[in-house]
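*Asks:* Please find one structure pasted underneath; my questions will follow.
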Amino acid sequence: MIRAGILGLGYMGTVHTQKIAAVEGIRVDFVHDIDPGKKDVAEKAGYTFISDRSSFLAQPDLDIVIIATPNQYHRDFAIEALRAGKHVICEKPVTLNTAELDDVLTVAKTAGKIFTVHQNRRWDVDYLMLRDVIAAGTLGQPVAVESRVLGERGIVFGWRADPAYGGGMVYDWGVHQVDQILQLFPERKVTRVFAQLWSVNTLQVDDYFKMELVFDDQTSAHVECGVFALEKLPRWFVYGDAGTLKIDDFTAKNGRISKINHKFTVEVSEGVDPVVGSSRTMAPLRPEQIQHMPLPEAVNGGEPFYENIIQACQDPEQLAVKPETVRRTMQVIDAAFASAKTRQSVEVLI
Ligand SMILES: NC(=O)c1ccc[n+]([C@@H]2O[C@H](COP(=O)([O-])OP(=O)(O)OC[C@H]3O[C@@H](n4cnc5c(N)ncnc54)[C@H](O)[C@@H]3O)[C@@H](O)[C@H]2O)c1
């Protein structure tokens, strides 16, 4: 039985307790939170609440610490937990930049403990579908992938609106989106990053961003997130050289795959198209020249994150979210911030 402790019993700390409750072989025994109001909540749920962080980390019966505090504490708390001889699961963003992550990784190496990050969106059903459709070759070579997460509430609230806590959408969603893109093409290197960040309604942090990642084979990824879009664009859009994929939302139930029907020669259109006007290039295909196919059945296989943690505690090689993969994400995030600041694209090899 792996005995876990939650460091920060807020929204995500609570989600971790729920995820762990569904898995055999691991249980939550301890909770630490700076907010004394969490004592009652923790004790009602049957956990031992420890108000002092050092005493929490010193518990001999604590095997693994789950860090679910606001972002700016992640580096220091991960280092403290590793030095206390505990395995560590850290919430995303793992740290605020690569230099901070390297500090943690140096300690993790000496400690000989597991250090991993809750990049749970690697198992999202929409993402797995995207990955499978690309891998099946249905689209040919994917030339460009677009990832969008667009919300409509208008503002970023709580500590996420405060730069001192590591607020803003790049740290909130950008790290998930970049991580997904890098996992999609692990063999490709990112060679250029261009990013723009806006603070439209939440003035201290980015509430809208766009990033372009260019890979060494000149394919590209567009990553975008904003909180004040009142219309939706697809969650995923892929331009393949043999087809187009559109996944509309997180359910992966809406969208389609479209392919040219090669039984027909695509002839140049003549004359003025009644809809497009005078453009032969943009004139639509005739219906029989294009095939629209529904998305495959969405398979929600759950998120085997904690099952994997149990395996990795026996054999660290089995760890699903390896720190070096998250380090690539942080390097891209560093480049995105640098690009936004200088208003230039940043040359990298990540
Ligand atoms: N992986 C995901 O899908 C996902 C989703 C949401 C949040 N998160 C991440 O989880 C983390 C927490 O986010 P949240 O939405 O749960 O925030 P939250 O504000 O709901 O919870 C944070 C908790 O940490 C506690 N806390 C704050 N400072 C502390 C300190 N110094 N020591 C101990 N406890 C402290 C707070 O009292 C609160 O209970 C963030 O890093 C966020 O990015 C991840």
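The values are calculated or read from the model by the stated rules, or taken from the named source; none is laboratory data. Everything quoted here is computed from the prediction, not taken from an experiment. Every residue, glycine as well, gets a Cβ built from its backbone with ideal geometry; the counts of neighbours run over all protein chains shown.
*Asks:* Please specify each residue of segment 133-158 satisfying the condition of being buried (at least 17 other Cβ atoms within 10 Å of the Cβ) and either in contact with a Cys (Cβ under 6 Å, 6 or more places away or on another chain) or without any contact (Cβ under 8 Å) to a residue 24 or more places away in the chain (or both).
*Replies:* Answer for segment 133-158, where residues must be buried (at least 17 other Cβ atoms within 10 Å of the Cβ) and either in contact with a Cys (Cβ under 6 Å, 6 or more places away or on another chain) or without any contact (Cβ under 8 Å) to a residue 24 or more places away in the chain (or both): just Val149.
*Asks:* Scan segment 1-14 for residues that are without any contact (Cβ under 8 Å) to a residue 60 or more places away in the chain, near the ligand (Cβ under 7 Å from one of its atoms) and surrounded by 15 or more Cβ atoms within 10 Å (Cβ to Cβ) and jot them down.
*Replies:* Leu9, Gly10, Gly13
*Asks:* Which residue is nearest to the ligand (Cβ to nearest atom), if the candidates are limited to segment 195-208 and must be crowded, with 18+ Cβ neighbours inside 10 Å and under 19 Å from Glu347 (Cα atoms)?
*Replies:* Leu197
*Asks:* Any residue at all in segment 93-109 that's under 19 Å from Tyr306 (Cβ atoms), of a type in the set (Gly, Ala, Ser) and either crowded, with 18+ Cβ neighbours inside 10 Å or in contact with a strand residue (DSSP E or B) (Cβ under 7 Å, 6 or more places away or on another chain) (or both)?
*Replies:* no
*Asks:* Within segment 302-328, work out how many residues are buried (at least 18 other Cβ atoms within 10 Å of the Cβ) and either aliphatic (A, V, I, L, M) or touching a Gly at 6+ places or on another chain (Cβ under 8 Å) (or both).
*Replies:* Result for segment 302-328: 4.
*Asks:* Which residues, counting only those in segment 263-305, are part of a helix (DSSP H, G or I) and free of Cβ contacts under 8 Å to residues at least 12 places away in the same chain?
*Replies:* Pro287
*Asks:* Sort out which residues of segment 307-350 are closer than 21 Å to Met1 by Cβ and in contact with a helix residue (DSSP H, G or I) (Cβ under 6 Å, 6 or more places away or on another chain), and write them in order of number.
*Replies:* Gln311, Ala312, Gln318, Leu319, Ala320
*Asks:* Say whether the condition of being closer than 24 Å to Val107 by Cα, aliphatic (A, V, I, L, M) and not assigned by TED's automatic domain parsing to the domain that holds Gln18 is met by at least one residue in segment 299-310.
*Replies:* The answer is yes, given that some residue of segment 299-310 is closer than 24 Å to Val107 by Cα, aliphatic (A, V, I, L, M) and not assigned by TED's automatic domain parsing to the domain that holds Gln18.
*Asks:* Across segment 201-212, what is the total count of residues that are among the aliphatic types (A, V, I, L, M) and either modelled with pLDDT of 95 or more or closer than 16 Å to His176 by Cβ (or both)?
*Replies:* So the count comes out to 2.
*Asks:* Let me ask something additional. Does Tyr208 meet the test of being closer than 30 Å to Gly10 by Cβ and not aliphatic (A, V, I, L, M)?
*Replies:* yes
*Asks:* A further question on this structure: Tally the residues that are surrounded by fewer than 24 Cβ atoms within 10 Å (Cβ to Cβ) and closer than 26 Å to Val170 by Cβ, restricting the search to segment 77-88.
*Replies:* Counting residues in segment 77-88 that are surrounded by fewer than 24 Cβ atoms within 10 Å (Cβ to Cβ) and closer than 26 Å to Val170 by Cβ gives 3.
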